[in-house]
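Each remark here refers to the structure printed beneath this line.
The values are calculated or read from the model by the stated rules, or taken from the named source; none is laboratory data. Just so we're clear, the structure is a prediction, and the values are computed from it rather than from any experiment. Cβ placement follows ideal geometry from the backbone for every residue including glycine, while neighbour counts extend to all protein chains displayed. These accessible areas exclude ligands, DNA and RNA; they are computed on the full protein's heavy atoms, side chains included. Shrake-Rupley method; radii C 1.70, N 1.55, O 1.52, S 1.80 Å.
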Amino acid sequence: MTTSQSRVARRVAGLAPSGIRKFFELVERMPDAISLAIGEPDFTTPWRGRESAIYSLEKGHTHYTPNRGTQELREAVASYLERRFGISYHPDREVLITVGAAEAIDLALRAILDPGDAVLIPQPCFVSYPPCTVLAGGVPVPVPTRVENDFRVQAADLEAARADRPRALLMCYPNNPTGAVMGREDLESVVRWAAEKDLVLIADEIYAELHYDGGHVSAAAIPGARDRTILIGGFSKAWAMTGWRLGFAAGPPDLIEAMAKVHAYTVMCAPTMAQEAALDVLTGCDDEVAAMRREYNQRRRIIVKRLRDMGLDCFEPRGAFYAFPSIAGTGLSSEEFAERLLREEKVAVVPGAAFGACGEGFVRCSYATSIAALEEGMARMARFVGRVGG
Amino acid sequence: MEDILFALEEDGRLTTAQLAERLGRPEKEIAEAVAKLEADKVIRRYRAVIDWDKAGAERVFGFIEVRISPQRGRGFDSIAARIMEFPEVHSLYLMSGTYDLMVVVQGKTMREVAYFVAERLAPMDNVLSTATHFVLRRYKVDGDIMVERTENKRLPVTP
Ligand SMILES: Cc1ncc(COP(=O)(O)O)c(C=O)c1O
């Protein structure tokens with residue numbers, strides 16, 4: 001008889017278990033822990049969106065939509081991208097509605113990678129980039145970014161990675177887990193480098209609306225970038241719609257066509273009621289988004305100050321909803337730090353190493369939680385750091 | 001300025017130190033700005049939002065639609081001035097549409113509110129008619145939802 005081990009494809013068996021998974025199980029057994037380890041908003045989806053989903057069900061809109069998403073939503077996404085970031089896309093040929101940004105990432109990689117193609121991935125990064133690359137037959141090449149550069153990827157870092165057969169660069173700004181953002185000049189030099197190497201740029205900009213420093217510049221808006229960039233966005237973060245599973249990709253017609261092909265064969269289309277809700281939030285919830293951004297910004301200032309006051313070096317995050325303090329001074333590894341903090345003070349943070357080797361020495365603290373919980377979590381963490389020595 | 005107002009509208013008890021921290025500005029600057037907002041009456045006062053039902057207190061609200069004949073040269077303002085001085089009057093609005101003033105009257109019982117309307121409001125010169133509507137339940141008041149809602153759970157650790 002075959003063992004279950006041997007029934008699993010080598011490619012899947014070989015994927016490292018997520019550093020987050022193990023931690024999840026620990027925290028789950030501790031219901032009174034304060035969790036600063038949550039990567040989704042604490043807000044509920046704006047009522048306008050929930051209400052229109054209810055209405056959509058009442059009307060009996062329970063069928064498939066076109067593969068690429070409803071015409072109305074594709075048009076709304078195109079005009080949103082134009083209005084907010086100054087990039088224009090054709091709603092029929094250059095926009096694809098997906099099952100979360102998560103699916104868009106998977107589709108982008110599957111659409112462009114041939115076996116053995118390398119994908120440059122600036123790290124620390126969202127946990128699914130390397131496994132999705134492997135599943136698509138590619139080879140992930142980590143590109144460490146450094147706190148000295150505010151975790152912004154530099155052309156020199158990319159050059160130093162010396163990837164064999166590089167095919168794409170997959171990056172995320174504003175960044176999960178560091179909160180780093182890229183300025184226009186940073187993007188220009190990266191785009192120039194990607195153009196020299198003729199790479200496809202996959203820009204995961206799901207946190208674009210959560211930028212606290214003047215406004216997000218999209219990689220796709222940089223001259224010369226648009227026709228080699230797959231821009232990925234979603235509703236999960238700014239519109240607090242994680243559970244709806246809805247996102248989008250925009251890019252040149254050949255790449256979107258390839259992604260749409262895979263999408264059509266695998267999921268057919270994104271959920272219908274979610275698409276109807278998204279149409280309404282995209283066109284009518286700017287005030288709610290602004291209010292959430294204001295609230296996150298206040299929490300951001302509080303958490304960064306508390307972390308620094310307890311003696312940790314904390315780089316100033318300017319986007320998303322994470323702070324990424326260095327815990328190197330404690331002499332603990334990020335995993336030891338997170339595990340002991342949880343056991344001794346019942347506060348959950350995510351070890352930086354879960355986001356790539358260069359995340360070692362840091363922990364991710366999410367501030368997508370109430371100020372009261374943040375204050376309590378920070379007080380407990382300060383006690384812990386005081387004990388182990390910062 | 002606006003950021004201070006947004007923060008205080010949400011939580012009027014924030015200290016200048018807390019405001020400074022949350023808004024990323026020096027405390028002195030915040031203190032001066034708040035003092036100016038108070039002096040200019042942009043911030044009129046700080047108070048609690050109270051669920052009187054929960055507190056077990058008797059409170060009844062009547063919404064009274066009032067039609068009036070405006071006085072020559074003085075419009076609705078002079079009659080409004082007379083009405084708003086009554087402590088029973090919780091809020092007073094000039095309205096467009098089929099009536100002129102919306103008077104929100106607060107009392108301990110329906111009878112008390114009804115008497116106020118009958119004895120004080122209706123007999124006023126220029127008041128043509130009143131129509132009284134009693135509040136049966138307060139679902140949402142000044143942006144606060146007053147009914148209990150279940151807390152939504154999130155997974156404790158997510159990427
Ligand atoms: C960087 C990044 N990309 C993508 C996603 C997935 O988002 P979605 O819910 O749209 O699939 C997340 C969610 O945590 C994220 O942090």
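Please figure out what share of the DSSP beta bridges in chain A is antiparallel and state it in percent, rounded to the nearest 5. The partial results should precede the final answer.
Details: 16 of 36 bridges.
Around 45 percent antiparallel, to the nearest 5.
Write out the GluC sites (Glu not before Pro) in segment A:246-315 meeting two conditions: DSSP loop, and at most 10 other Cβ atoms within 10 Å of their Cβ. Don't skip to the end; give the middle numbers.
On the way: sites: A:Glu257, A:Glu276, A:Glu288, A:Glu295; in loops: none.
Those that pass, being in a loop and sparsely packed, number zero.
Cut-off under 21 Å on the C-alpha distance; same-chain residues fewer than 8 positions from B:Lys140 excluded. Which lysines are left, in chain and number order?
Those lysines meeting the cut-off are B:Lys54, B:Lys108.
How would you classify chain B from its alpha-carbon gyration tensor, with a ≥ b ≥ c the square roots of the eigenvalues: rounded for a/c under 1.5, else prolate if a/b is greater than b/c, otherwise oblate?
Values: a/c = 2.78, a/b = 1.59, b/c = 1.74.
Verdict is oblate for chain B.
Post the alpha-carbon centroid distance, segment A:9-40 to segment B:1-70, in whole angstrom.
Centre-to-centre (Cα) distance: 42 Å.
Please name whichever of B:Ile4, B:Val34, B:Trp52 sits farthest to the positive end of the charge dipole of chain B, dipole taken about the Cα centre and charges placed at Cβ: Lys and Arg +1, Asp and Glu -1.
B:Trp52
In segment B:51-159, what chymotrypsin sites (Phe, Trp or Tyr not before Pro) fall in a loop by DSSP, with at most 12 other Cβ atoms inside 10 Å? List each step's numbers first, then the result.
Details: sites: B:Trp52, B:Phe61, B:Phe63, B:Phe76, B:Tyr93, B:Tyr99, B:Tyr115, B:Phe116, B:Phe134, B:Tyr139; in loops: B:Trp52, B:Phe76, B:Tyr99, B:Tyr139.
Here the sparse-neighbourhood loop sites are B:Tyr139.
Report the Rg/Rh value for segment A:180-242, based on alpha-carbon coordinates and the Kirkwood definition of Rh.
Details: Rg = 12.4 Å, Rh = 12.3 Å.
Checking Rg against Rh, the ratio lands at 1.00.
Classify segment B:54-136 from the C-alpha gyration tensor, please: rounded if a/c falls under 1.5, else prolate or oblate depending on whether a/b exceeds b/c. Working shown, then result.
Working: a/c = 2.09, a/b = 2.03, b/c = 1.03.
Prolate, since a/c reaches 1.5 and a/b exceeds b/c.
With every protein chain left in place, what is the accessible area of A:Asp254 in Å² (1.4 Å probe, nearest 10)?
About 100 Å², rounded to the nearest 10.
How many Å² of accessible area per residue for the protein assembly as shown, probe 1.4 Å? Present the calculation step by step, with values, prior to reporting the outcome.
Details: 27050 Å² over 549 residues.
I get 49 Å² per residue for the protein assembly as shown.
Once you have the Kirkwood Rh of segment A:1-89 from its Cα pairs, apply Stokes-Einstein at 25 °C and 0.890 mPa s and quote D in µm²/s.
Details: Rh = 18.9 Å.
It comes out at roughly 130 µm²/s.
Leaving out ligands, DNA and RNA, what percent of the accessible area of chain A is carbon and sulfur, probe 1.4 Å?
50
Taking the Cα centre of the protein assembly as shown as origin and charging only Cβ (+1 Lys, Arg; -1 Asp, Glu), how large is the dipole, in debye to the nearest 20? Write down the numbers at each step before the final one.
Values: 68 positive and 76 negative charges, 164 e Å.
Its charge dipole is roughly 780 debye.
Within a Cβ distance under 11 Å of A:Val147, other residues only, what is the Lys/Arg minus Asp/Glu net charge?
Details: positive: A:Arg146, A:Arg152; negative: A:Glu148, A:Asp150, A:Asp313, A:Glu316.
The answer is -2.
Using just the helices of chain A, give the 222 nm mean residue ellipticity in deg cm²/dmol: DSSP H runs with n ≥ 4 each add -39,500 (n - 2.57), and the total is spread over all residues, rounded to 500. It would help to have the intermediate numbers written out before the result.
Details: 14 runs with 165 residues, N = 390.
Result for chain A, helices only: -13000 deg cm²/dmol.
Apply the a/c threshold of 1.5 to the C-alpha gyration tensor of segment A:48-285 and tell me whether it is rounded, prolate or oblate. If you can, show how the numbers build up before the last one.
Details: a/c = 1.94, a/b = 1.53, b/c = 1.27.
Prolate is the answer for segment A:48-285, as a/c is 1.5 or above and a/b outweighs b/c.
How large is ³J(HN,Hα), in whole Hz, for each residue of segment A:171-182 in order, when computed from phi with the Karplus curve 6.51 cos²θ - 1.76 cosθ + 1.60 and θ = phi - 60°, using x for Gly and Pro?
Rounded to whole hertz, the list is 9, 9, 9, x, 9, 9, x, 8, x, 5, 10, 10.
Taking beta carbons within 10 Å but only from partner chains, what does the mean come to for residues B:145-157? Can you show the working numbers first?
Values: counts 0, 0, 0, 0, 1, 0, 0, 4, 0, 10, 9, 15, 21.
The mean count of partner-chain Cβ atoms within 10 Å per residue comes to 5.
Averaged over all directions, how much area does the convex hull of the C-alpha atoms of the protein assembly as shown cover when projected, in nm²?
Numbers: hull surface 132.8 nm².
Projected over every direction and averaged, the Cα hull of the protein assembly as shown covers 33.2 nm².
Would you calculate the volume per residue, in Å³, of the smallest convex hull containing every Cα atom of segment A:208-327? Write out the running numbers ahead of the final one.
Numbers: hull volume 18.1 nm³, N = 120.
Convex hull of Cα atoms, per residue: 151 Å³.
Setting aside same-chain residues fewer than 8 positions from A:Lys261, which lysines have a Cα under 30 Å from its Cα?
A:Lys59, A:Lys197, A:Lys237
State the Cα centre-to-centre distance between segment A:86-163 and segment A:332-357 in whole Å.
Between the Cα centre of segment A:86-163 and that of segment A:332-357, the gap is 26 Å.
Rounded to the nearest 100 Å², what's the accessible area chains B and A bury against each other, both chains counted, probe 1.4 Å? All intermediate terms of the calculation are to be shown ahead of the outcome.
Values: alone 12200 and 16660 Å², together 27050 Å².
That pair of chains buries around 1800 Å² in total.
Pick out, in residue order, every one of the trypsin sites (Lys or Arg not before Pro) in segment A:48-102 that is DSSP loop and has at most 16 other C-beta atoms within 10 Å; say none if there are none. Spell out each step's value before the answer.
Numbers: sites: A:Arg48, A:Arg50, A:Lys59, A:Arg68, A:Arg74, A:Arg83, A:Arg84, A:Arg93; in loops: A:Lys59, A:Arg68, A:Arg93.
Hits after loop and neighbour filter: A:Lys59, A:Arg93.
Which aspartates and glutamates, if any, have their Cα less than 12 Å from the Cα of B:Lys153, not counting same-chain residues under 8 positions apart?
A:Glu40, A:Asp42
Once label points are set 7 Å from the Cα along Cα→Cβ at both B:Gln71 and B:Lys140, what is their separation, rounded to one decimal in nm?
3.9
Less than 12 Å Cβ to Cβ from A:Gly284, Lys/Arg counted +1 and Asp/Glu -1: what total charge do the surrounding residues give?
Taking every other residue near A:Gly284 into account, the sum is -4.
Between A:Met30 and A:Gln71, what FRET efficiency follows from the Cβ-Cβ distance if R0 is 41 Å, with the result rounded to 0.05? Working shown, then result.
Working: r = 48 Å, r/R0 = 1.16.
Once rounded, the FRET efficiency stands at 0.30.
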